[in-house]
Amino acid sequence: MSHKITLIATGVIAMFALAGCSGALTSDEDALVSESSQIAVPDVVGMQVDLAEDQLEALGFDVEVNDPVFEEAIADADLMVTEQSVSEGELLAPGSTITLTADKAPQD
């Protein structure tokens, strides 16, 4: 008899084969691994760019920032995300690139 324990934690899957187990994945298990390695993209529109970058990078995404209006160097803390290239809730593999469009944050 084959026994397997699958642990899923923050998008990472570890398979542990118990005694007497072949270690080979069934098609259902293979599909679970593929689906589980995808991460849902959060909504970062309206956030400061530096905080949005930190959040996306912590999830394993690569981040690029476009600031089409401002060519001079402005600190990321002074920029707000106005658009993101991938919609909230879409599933992407770790290492995928998300492009953020930024604009100067409104002054209080």
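Where a number appears in this text, it was derived from the coordinates with a stated rule and is not lab data. Fair warning: this is a prediction, and the values are worked out from it, not measured in the lab. In this analysis, Cβ positions are derived from the backbone assuming ideal geometry, glycine residues included, and neighbour counts consider all displayed protein chains.
7 Å from Cα along Cα→Cβ at both Asp78 and Asp43: what's the point-to-point distance in nm?
2.9
So how far apart, in nm, are the two label points at Val65 and Leu51 if each is 7 Å from Cα heading toward Cβ?
1.4
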